Amino acid sequence: MIRSLLILFFVFSSSVQWCFSQNESDDERLRGIVSQKNQAEVTIPKPDSREIDRLTRNVSISSVKDKAVHIFLSPLTVEWFISGNFDYQIVERPDSKGIICSESMSQALEWETYPSYTQYDSIMRFFATTYPSLCLLDTIGTSVNGKLVLVLKISDNCNLNETEPEVFYTSTIHGNETGGYILMLRLVDYLLKNYAMNNRVKDLVDNLEIWINPLANPDGTYNGSDFIISPVRNNANGYDLNRNFPDPEIYYSIRQKETLDMMSFLTEHRFVLSANFHSGEEVVNYPWDRWPKLHADEGWFYNICRAWADTVHLYSEEGYMGYLDNGVTRGYDWYPVYGGRQDYVTYSLSGREITVELDEDFITPSSDLADLWEYNRRSLLGYLENAMYGIHGQISDALTGEPVSAKISIGGHDQDNSHVYSDTISGTFTRLLAPDTYDLTFTADGYIDTVIKNITVISGEETKLSVKIEPRLNPADTINPDRPLFYPNPASTFIKAVLPESLRESVNIRVYNMAGIKVLDYDAEASDRYPVQLDVSHLPAGSYFAVFRGITTNLSYAGRFEIVR
């Protein structure tokens with residue numbers, strides 16, 4: 001009887017609220033929803049392309065479908081939206097539709113419920129302690145509210161920095177897109193459990209350094225709770241973190257802590273291949289998001305996305321991942337996005353990243369998590385395998401054999417930063433390319449440009465390359481630079497400096513860090529045949545200025561170099 005009265009009270013209360021809301025203006029209702037839930041979802045019917053571009057520069061578009069734009073508003077963007085006088089409709093969804101929270105860590109490890117944040121933290125630590133030779137727990141940073149943004153490294157020698165290609169999976173940068181979160185945890189579990197018994201898994205773990213970040217926006221997912229009750233798209237400050245990265249089309253943005261931490265992590269690792277996982281549609285999306293032009297490796301991008309979707313179709317129910325071009329789209333063809341992570345990684349870091357939209361439901365019901373895994377499991381493995389194909393090489397100094405940091409480009413092919421770089425410490429590089437024959441150019445400060453022609457790339461195979469490049473200055477090839485020329489730059493142990501002719505005598509060398517503190521001060525002899533060599537092995541990584549002063553002439557020249565560790 002008490003239960004019946006409570007139900008009647010709830011229905012009566014809801015009816016009163018509904019009647020009251022009908023008397024409010026839509027704008028006031030919208031403000032109220034955002035104030036109560038920290039976000040609101042709206043749609044705008046039949047916008048033209050100019051209106052879509054205006055919207056995506058100012059608010060968070062989640063999809064363009066059925067001639068309507070779907071938008072999430074936060075406390076930061078709701079007033080701008082209201083001031084635009086758009087014709088819109090409010091979409092109201094239950095906060096936690098279909099979510100079943102794990103009652104225990106053991107239940108969470110069955111991957112059919114959602115863990116609490118505390119359980120998630122314990123699961124990540126459990127992986128690292130249970131498989132210490134294969135799995136290393138690290139932290140990308142912390143959220144605005146202090147939650148850890150955790151990441152796992154999986155490799156056969158996880159405690160070593162090997163010269164293997166590094167790859168990266170990350171999910172749920174939008175806190176209310178939950179399916180990928182569990183998919184990533186289950187992928188970690190699958191790789192670790194099957195390493196010793198599955199040749200495909202062993203091949204991946206032995207030949208790659210695999211980094212997995214299941215939850216990029218913990219404040220959004222666990223919005224004010226240890227459980228997933230009312231997840232929101234944005235971070236705790238109301239920012240869409242997937243619109244917060246540097247972008248040549250947008251010149252000002254307040255970088256959020258999660259973004260800055262992620263940028264540092266991505267810059268440190270320079271992943272060969274990566275993917276980020278979302279929900280709201282079912283499609284695989286590739287660059288560019290912000291431009292209508294094609295990426296230089298358009299064909300390669302399309303083919304790896306096509307392979308993901310086509311593999312999914314073999315193991316899923318009919319209709320799954322069939323949106324747009326049967327599950328594949330170039331980002332801009334769908335709708336433009338500025339400040340997105342996919343384009344930042346691909347343009348600013350010369351990486352290769354795609355976006356996988358896993359589920360039409362933003363919040364994947366717990367009952368669908370097993371199907372989501374079964375549909376995508378093979379594609380998750382197959383995508384990582386791409387990092388083992390293409391051209392893999394190592395660049396070294398032809399005289400000393402030391403590794404060289406160089407730019408690797410393809411004339412007549414590369415554009416918009418599609419070139420790649422060799423590792424600053426090992427000189428290794430990976431260039432992912434569609435099957436064809438290519439001419440590669442290797443460029444490095446202090447070295448003569450080297451071109452290697454007719455390199456053949458075969459589908460599903462690795463092409464190995466060893467490249468030796470000649471320094472510009474050697475006993476048979478002297479130059480007279482107008483300023484100090486450093487090579488290799490960056491360096492890790494020794495760096496050579498070719499000095500202007502007026503300094504080829506006794507010189508005083510002073511080196512300063514970026515704080516202006518002098519870290520080296522000594523005299524040396526500069527030759528017209530050999531560069532001055534600086535021992536920087538004891539200095540920490542960072543940027544430095546070197547001042548070279550002729551002891552007899554008192555002429556000075558300065559230059560800047562980088563140290564990496």
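The values are calculated or read from the model by the stated rules, or taken from the named source; none is laboratory data. All values reported here derive from a predicted model rather than from experimental measurement. Because the Cβ atoms are built from the backbone with ideal geometry, glycine has one as well, and the counts that use them run over all protein chains shown.
For segment 352-410, filtered to residues that are closer than 30 Å to Arg93 by Cα and among the acidic types (Asp, Glu), the residue that is surrounded by the fewest Cβ atoms within 10 Å (Cβ to Cβ) is Glu374. Residues of segment 211-229 that are farther than 11 Å from Tyr120 by Cβ and aliphatic (A, V, I, L, M): Ile212, Ala216, Ile229.
Does Asp523 count as surrounded by fewer than 16 Cβ atoms within 10 Å (Cβ to Cβ), out of contact with any Phe, Trp or Tyr (no Cβ under 9 Å at 6 or more places or on another chain) and closer than 27 Å to Leu399 by Cβ? When the stated conditions are applied, Asp523 passes them.
Here is a check on your reading of the model: is Leu150 assigned by TED's automatic domain parsing to the domain that holds Asn207, touching a Ser or Thr at 6+ places or on another chain (Cβ under 7 Å), more than 12 Å from Asn276 (Cα to Cα) and not β-branched (Val, Ile, Thr)? Steps first, answer last, please.
Details: assigned by TED's automatic domain parsing to the domain that holds Asn207: yes; touching a Ser or Thr at 6+ places or on another chain (Cβ under 7 Å): yes; more than 12 Å from Asn276 (Cα to Cα): yes; not β-branched (Val, Ile, Thr): yes.
The answer is yes for Leu150.
Can you tell me which of Glu249, Glu268 is under 30 Å from Arg565 (Cα atoms), out of contact with any helix residue (DSSP H, G or I) (no Cβ under 8 Å at 6 or more places or on another chain) and not assigned by TED's automatic domain parsing to the domain that holds Ser422? Full working, then the answer.
Working: Glu249 fails: under 30 Å from Arg565 (Cα atoms).
Only one candidate qualifies: Glu268.
When Arg270, Arg243 are screened for being charged (D, E, K, R) and buried (at least 21 other Cβ atoms within 10 Å of the Cβ), only Arg243 passes.
Kindly state which strands (runs of 3 or more DSSP E) lie completely within segment 407-518 and contain at least 1 residues that are over 26 Å from the mean Cα position of the chain (by Cα).
Working: elements: 407-410, 428-431, 436-443, 450-457, 462-469, 485-487, 494-498, 506-513.
Counting at least 1 such residues, we get 436-443, 450-457, 462-469, 485-487, 494-498, 506-513.
Applying the condition of being within 23 Å of Gly141 (Cα to Cα), touching a Lys or Arg at 6+ places or on another chain (Cβ under 9 Å) and of a type outside the set (Val, Ile, Thr) to segment 221-235 and asking which residue is surrounded by the most Cβ atoms within 10 Å (Cβ to Cβ) yields Asn235.
Residue selection: Ile52 fails the criterion of being of a type outside the set (Phe, Trp, Tyr), within 26 Å of the chain's Cα centre (by Cα) and part of a strand (DSSP E or B). Residue count for segment 31-59 satisfying the condition of being surrounded by 14 or more Cβ atoms within 10 Å (Cβ to Cβ) and under 18 Å from Pro94 (Cβ atoms): 9. Here is a check on your reading of the model: is Pro218 surrounded by 24 or more Cβ atoms within 10 Å (Cβ to Cβ), farther than 24 Å from Asp416 by Cβ and touching a Lys or Arg at 6+ places or on another chain (Cβ under 9 Å)? Here the answer is yes, as Pro218 does meet what is asked. Against the definition (in the same structural domain as Tyr251 (by TED's automatic domain parsing), without any contact (Cβ under 8 Å) to a residue 60 or more places away in the chain and under 23 Å from Asn234 (Cα atoms)), how does Tyr338 come out, yes or no? Considered against the rule, which asks whether it is in the same structural domain as Tyr251 (by TED's automatic domain parsing), without any contact (Cβ under 8 Å) to a residue 60 or more places away in the chain and under 23 Å from Asn234 (Cα atoms), Tyr338 comes out as no. Against the definition (on the phi > 0 side of the Ramachandran plot, at pLDDT 95 or above and out of contact with any strand residue (DSSP E or B) (no Cβ under 8 Å at 6 or more places or on another chain)), how does Gly224 come out, yes or no? Considered against the rule, which asks whether it is on the phi > 0 side of the Ramachandran plot, at pLDDT 95 or above and out of contact with any strand residue (DSSP E or B) (no Cβ under 8 Å at 6 or more places or on another chain), Gly224 comes out as no.
If only residues of segment 224-262 that are part of a helix (DSSP H, G or I) and acidic (Asp, Glu) are counted, the one that is nearest to Gly98 (Cα to Cα) is Glu258. For segment 56-80, filtered to residues that are touching a strand residue (DSSP E or B) at 6+ places or on another chain (Cβ under 6 Å) and without any contact (Cβ under 8 Å) to a residue 40 or more places away in the chain, the residue that is farthest from Asp27 (Cα to Cα) is Ala68.
Of all residues in segment 60-99, those that are surrounded by 18 or more Cβ atoms within 10 Å (Cβ to Cβ), of a type in the set (Phe, Trp, Tyr) and outside any loop (DSSP other than H, G, I, E, B) total 2. Contact annotation: residue pairs with Cβ atoms under 6 Å, 6 or more positions apart or on different chains, pairing a residue in segment 301-320 that is small (Gly, Ala, Ser) with a partner that is crowded, with 19+ Cβ neighbours inside 10 Å, are Ala309/Val284; Ala309/Met321; Ala309/Gly327; Ala309/Val328; Ser316/Tyr375.
Across segment 124-157, what is the total count of residues that are in a helix (DSSP H, G or I) and of a type outside the set (A, V, I, L, M, F, W, C)? Counting residues in segment 124-157 that are in a helix (DSSP H, G or I) and of a type outside the set (A, V, I, L, M, F, W, C) gives 3.
Collect the residues in segment 193-202 that are surrounded by 14 or more Cβ atoms within 10 Å (Cβ to Cβ) and outside any loop (DSSP other than H, G, I, E, B), keeping them in residue-number order. So that I can check it myself, show each step before the final result.
We begin by selecting, within segment 193-202, every residue surrounded by 14 or more Cβ atoms within 10 Å (Cβ to Cβ); these are 194-195, 198, 201-202.
The answer is Asn194, Val201, Lys202.
Does Tyr530 meet the test of being of a type outside the set (D, E, K, R), modelled with pLDDT under 85 and either assigned to a loop (DSSP other than H, G, I, E, B) or in contact with a strand residue (DSSP E or B) (Cβ under 8 Å, 6 or more places away or on another chain) (or both)? Steps first, answer last, please.
Values: of a type outside the set (D, E, K, R): yes; modelled with pLDDT under 85: yes; either assigned to a loop (DSSP other than H, G, I, E, B) or in contact with a strand residue (DSSP E or B) (Cβ under 8 Å, 6 or more places away or on another chain) (or both): yes.
Yes, satisfied.
When you look at Gln415, is it polar (S, T, N, Q) and surrounded by 21 or more Cβ atoms within 10 Å (Cβ to Cβ), yes or no? Spelling it out, it is not the case that Gln415 is polar (S, T, N, Q) and surrounded by 21 or more Cβ atoms within 10 Å (Cβ to Cβ).
Is it true that Trp308 is touching a Ser or Thr at 6+ places or on another chain (Cβ under 8 Å) and either surrounded by fewer than 24 Cβ atoms within 10 Å (Cβ to Cβ) or of a type outside the set (Ser, Thr, Tyr) (or both)? So Trp308 fits the description; yes.
Hey, can you tell me all the residues within segment 423-437 that are touching a Lys or Arg at 6+ places or on another chain (Cβ under 9 Å), buried (at least 16 other Cβ atoms within 10 Å of the Cβ) and at pLDDT 95 or above? Leu432 - this is the single residue of segment 423-437 that is touching a Lys or Arg at 6+ places or on another chain (Cβ under 9 Å), buried (at least 16 other Cβ atoms within 10 Å of the Cβ) and at pLDDT 95 or above.
Rundown of residues vs (1) basic (Lys, Arg); (2) under 18 Å from the mean Cα position of the chain (by Cα), yes/no style:
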{"site": "Arg186", "(1), (2)": "yes, no"}
{"site": "Arg200", "(1), (2)": "yes, no"}
{"site": "Asn223", "(1), (2)": "no, no"}
{"site": "Asp226", "(1), (2)": "no, no"}
{"site": "Tyr239", "(1), (2)": "no, yes"}
{"site": "Asn244", "(1), (2)": "no, yes"}
{"site": "Ile254", "(1), (2)": "no, no"}
{"site": "Lys257", "(1), (2)": "yes, yes"}
{"site": "Thr267", "(1), (2)": "no, yes"}
